[in-house]
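Data first, discussion second: the structure below is written as structure tokens.
The values are calculated or read from the model by the stated rules, or taken from the named source; none is laboratory data. What you see is a predicted model, and the numbers here were worked out from it, not measured in a lab. Virtual Cβ from ideal backbone geometry, glycine too; neighbours counted across all protein chains shown. Accessible surface is based on the protein model in full, side chains and every heavy atom, while ligands, DNA and RNA are left aside. Shrake-Rupley method; radii C 1.70, N 1.55, O 1.52, S 1.80 Å.
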Amino acid sequence: MENIKTVSDFNFKNKIALVRVDFNVPVNNQSFQIIDDTRILYSLPTIQKIISDSGKVVLISHFGRPKGKCSKIYSLRFIISYLSKKLKIPIKFSEYCIGEAVEKKISELKNGEVLLLENIRFYKEEEEGNEYFAFQLSKLGDIYVNDAFGVSHRPHASITIVPKFFREKKCIGFLMKKEIQSLKKVLGKGIAPITILLGGAKISSKIAIIENLINLVDYLLIGGAMSYPFIKAQGGQVGDSLVDEYKNLKVLQKIIEQYQKQKKTKVFFPKDVIIADSFKNSAKTKIVSIHSIPNGWMGLDIGPASIKHFCKIINSSRTILWNGPLGVFEFKNFSSGTTSIAKSIVIATENGAFSLVGGGDSIAALKMKKYETKISCLSTGGGAMLESLKNKMLPGIKAIIS
Ligand code: AMP
């Protein structure tokens, strides 16, 4: 972090800043209304800094997964009026990201003006990390700025290849700086006790993280459907609960053994779960031990004893990172584990703990209870935040340093 340049290190007067942002926000499919504008709001300070320096701003972003093809439903046009209102200036738009048409529009740009490019993923070369495509993009600006934390774990052209063409004229934006600093406050300089809470359904993407956290944190709490493969690996009966396709139980047994061998990190799974006889909100329910879920039943939330246990640990923690719901919180009857955990993180934060929450579902759960402003930091990138927990520098950050 010390040797990484930020937008504060540059004066953008008369310069064209090529800014990679992440405007991949949730929208209503029919009305194109923005449901959650956090990512856009957090990128405004970087854009405003360039404007106030009298620089020109060219914004690159992706939106959704158009898989290399142009399509109306994935157009970034819906951002224009929103951004214009926030920045209080008209926003120009280019339907092309490379080539003469966009180059002409940029040549006509005046200091203090902003040009938004169409969805960069309309070009398949973006996700392929294509060098020539990156070179063409690099011709659009004088200084490259990465403020797209949410995609900085992806080796895409606009993230890892474009910066190569800018030599020392590249930096990160304020959003990226804040994300890096927040993560440092957890793993680098986190005040003990440090607790990491992982939920959700997919375990395969989180195995390397769990392996890395050994000896680094004080408590690792694993909940949600993520816990069932571990319970199975320990010989428990999980009935019809959702078990991620990850089948290598031996690896999970080995991880558990490794945790048992050391003294620092205590790992806990839920003790009890709320089971349902079908996957719906109105299903019949019972509370049972997580190790003995009968066939025909599935665990959809953590039970009251687990809530009490997890909340006690959270309340005693000084540093907390949370990613992933503890149950199927989308169903009201199975949301209390997730919302109780959210509430205890809020209380711990009010009592002075540092809290960092990332991942669309966890942030949605916070918003359900209007807790989002009561957390120390919300991460704009769930996947990127998790990748950072593997203790490797994200490719998008590395590309700015090298
Ligand atoms: P992930 O993408 O891995 O973060 O998973 C998020 C999803 O996990 C959410 O949609 C939750 O509904 C789901 N989830 C959490 N706990 C459970 C559970 N016990 N059974 C089924 N799905 C779950």
Quick note, segment 199-265: a/c under 1.5 would make it rounded; otherwise a/b > b/c is prolate and the rest oblate (a ≥ b ≥ c, C-alpha gyration tensor); here it is prolate
Area of H156 that stays accessible when all protein chains are in place (1.4 Å probe, Å², to 10) = 10 Å²
Can you grab the distance from the C-alpha centre of segment 1-71 to the C-alpha centre of segment 89-151, Å, no decimals?
-> 11 Å
Quick one: among C171, C311, C70, which has the greatest mean-square fluctuation in a GNM of the chain with alpha-carbon springs under 10 angstrom?
-> C70
Percent antiparallel among DSSP beta bridges with both residues in the chain, to the nearest 5?
-> 20 percent
Among beta bridges assigned by DSSP with both residues in segment 235-377, the antiparallel ones amount in percent, to the nearest 5, to 55 percent
Cross-link partners of K88 among aspartates and glutamates (Cα-Cα below 12 Å; sequence separation of 8 or more within a chain) | E113
What is the gain in length, in nm to one decimal, between F32 and F78 on full extension, counting 0.36 nm per residue of separation less the C-alpha to C-alpha distance?
-> 15.9 nm
What part of the accessible area of the chain, given as a whole %, is carbon or sulfur when the probe is 1.4 angstrom?
-> 51 percent
Give the shape of segment 187-388 as rounded, prolate or oblate, defined through the alpha-carbon gyration tensor: a ≥ b ≥ c are the square roots of its eigenvalues, a/c under 1.5 means rounded, and otherwise the shape is prolate if a/b is larger than b/c and oblate if not.
-> oblate
Based on DSSP H runs of at least 4 residues, each adding -39500 (n - 2.57), what is the mean residue ellipticity at 222 nm of the chain after dividing by all its residues, to the nearest 500 deg cm²/dmol?
-> -9500 deg cm²/dmol
Sorted by average packing, counted as other Cβ atoms within 10 angstrom per residue and highest first, what order do 239-245, 221-227 take?
-> 221-227, 239-245
Using 0.36 nm per residue of separation minus the Cα-Cα distance, give me the extension gain between K284 and C70 in nm, one decimal.
-> 72.5 nm
What percent antiparallel are the DSSP beta bridges of segment 7-174, to the nearest 5?
-> 5 percent
With the other protein chains left in place, how much accessible area per residue, in square angstrom, belongs to segment 187-388 at a 1.4 angstrom probe?
-> 43 Å²
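If you wrap a convex hull around the alpha carbons of the chain, what volume per residue comes out, as a whole number of Å³?
Details: hull volume 58.1 nm³, N = 402.
Cα convex hull per residue, to the nearest whole number: 145 Å³.
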